[in-house]
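Asker: The structure under discussion is supplied below as structure tokens; questions concerning it will follow.
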Amino acid sequence: MEARCQVRYIRISPSKVGIVADLVRGKPVREALAILRYTPKRASKVVEKAIRSAIANAENNHDMNGDLLYVSEIYVGKGPTLKRYRPRARGIAYPIQKKTSHLTVILREREEG
């Protein structure tokens with residue numbers, strides 16, 4: 001049994017979200033939330049909210065024990081890129097790419113014992 005949460009169109013680049021996701025992969029959820037609370041990255045707030053949502057899904061939809069949950073999978077995909085332009089010298093338009101990402105969190109229950 002697994003519980004999942006997907007967050008789409010996060011306005012942070014996938015590489016930056018991936019750094020935070022690597023910190024909590026495989027950890028018990030309480031430990032993962034503690035790590036994210038003290039991680040000084042903007043993406044840590046988004047990942048923390050996604051894990052909290054997955055915990056709520058597990059407890060309410062799948063009748064799983066919240067104390068036995070761990071982050072079995074967490075991965076970041078590339079979302080659509082917003083293309084913007086900045087004026088530069090001599091009338092040149094300089095392209096800016098604002099990247100987005102999709103985050104998926106999957107929680108499973110550890111076996112008791």
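Asker: Does the stretch 37-49 hold any residues that are in contact (Cβ under 8 Å) with a residue 40 or more places away in the chain and either loosely packed, with under 13 Cβ neighbours inside 10 Å or of a type in the set (Gly, Ala, Ser) (or both), and which are they?
Answerer: none
Asker: A further question on this structure: Are there any pairs, at least 6 apart or on different chains, whose C-beta atoms fall under 7 Å, with the first in the stretch 70-83 and farther than 16 Å from Ile51 by Cα and small (Gly, Ala, Ser) and the second at pLDDT 95 or above and not in a loop (DSSP other than H, G, I, E, B), and if so, which?
Answerer: Gly77/Pro14; Gly77/Ser101; Gly77/His102; Gly79/Arg8; Gly79/Tyr9; Gly79/Ser101; Gly79/His102
Asker: Say we look at the stretch 61-113 and pick out the residues that are over 14 Å from Glu2 (Cα atoms) and among the hydrophobic types (A, V, I, L, M, F, W, C); which of these is surrounded by the fewest Cβ atoms within 10 Å (Cβ to Cβ)?
Answerer: Applying the filter and picking the extreme gives Ala89.
Asker: OK, next. Looking only at strands (runs of 3 or more DSSP E) that fall completely inside the stretch 55-113, which ones have 2 or more residues that are closer than 22 Å to Lys45 by Cβ, hydrophobic (A, V, I, L, M, F, W, C) and at pLDDT 95 or above? Working first, answer last.
Answerer: Values: elements: 69-78, 82-87, 93-98, 101-109.
The strands (runs of 3 or more DSSP E) meeting that bar are 69-78, 101-109.
Asker: OK, next. Suppose we filter Arg8, Arg30, Arg52 for residues that are assigned to a strand (DSSP E or B), among the basic types (Lys, Arg) and in contact (Cβ under 8 Å) with a residue 12 or more places away in the chain; which single one remains?
Answerer: So the residue among Arg8, Arg30, Arg52 that is assigned to a strand (DSSP E or B), among the basic types (Lys, Arg) and in contact (Cβ under 8 Å) with a residue 12 or more places away in the chain is Arg8.
The values are calculated or read from the model by the stated rules, or taken from the named source; none is laboratory data. Worth saying up front: this structure is predicted, and the values here are computed from it rather than measured. Backbone-built Cβ (ideal geometry, glycine too); neighbour counts: all protein chains shown.
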